[in-house]
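The values are calculated or read from the model by the stated rules, or taken from the named source; none is laboratory data. Just so it is clear, the model here is predicted, and its values are computed rather than measured. FYI the Cβ positions are ideal-geometry reconstructions off the backbone, even for glycines, and counts take in every protein chain you see.
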Amino acid sequence: MRWVVQQLREAMPYGQQPRYLFLDNDGIYGSGVREFLDSCGIEEVRIAYRSPWQNPFVERFGGTLRRELLDHVIVLGEGHLERLLREFIEEYYHPCRPHQGLDGDTPIPQTKAQVPITGPTTLISTPILGGLHHLYQRVAA
């Protein structure tokens, strides 16, 4: 249980914490985890046994992560996996990938140019995750 509490501490740096934390009924979430969440003011929400559909956000993210990253790479170790996940989330999933629930916008909105680009433009492609995905931007030619 100490390991789980430490992971939760590291996942919430600088006082950035959620209001709720959805947990399944795994035995690793014992009383120490509950006490930690209470001390942080985070409400624990338990899903029913054998009911993954009660946590659709995590299920959807897990599927997206598998389809858009893990099905296309060979993970060489824990450090490599951590780098891949960090790059996938910070450089692709939040800033670049459109989400249906946000009407095609990204969780971190792209900065829009104040003045619309008129005339000829060039499309610039920036590779992400070694070229597995790309960020495309229009710029004036």
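Here the condition is being modelled with pLDDT of 80 or more and exposed (fewer than 12 other Cβ atoms within 10 Å of the Cβ); of Y93, Y136, it holds for Y136 alone.
Would you point out the residue of the stretch 1-57, among those that are among the charged types (D, E, K, R) and touching a Leu at 6+ places or on another chain (Cβ under 6 Å), that is surrounded by the fewest Cβ atoms within 10 Å (Cβ to Cβ)?
Taking the stretch 1-57 as the starting set, the residues that turn out to be among the charged types (D, E, K, R) are 2, 9-10, 19, 24, 26, 34-35, 38, 43-44, 46, 50.
Remaining after also requiring touching a Leu at 6+ places or on another chain (Cβ under 6 Å): 44, 46.
Numbers: E44: 14, R46: 12.
Among residues in the stretch 1-57 that are among the charged types (D, E, K, R) and touching a Leu at 6+ places or on another chain (Cβ under 6 Å), the one surrounded by the fewest Cβ atoms within 10 Å (Cβ to Cβ) is R46.
Check the stretch 25-34 and report whether any residue there is closer than 21 Å to A11 by Cβ, among the hydroxyl-bearing types (S, T, Y) and part of a loop (DSSP other than H, G, I, E, B). Yes, that holds for at least one residue.
Only one residue in R60, R46 is under 22 Å from P107 (Cβ atoms) and charged (D, E, K, R), so which one is that? Step through it out loud before you land on a result.
Details: R46 fails: under 22 Å from P107 (Cβ atoms).
Only one candidate qualifies: R60.
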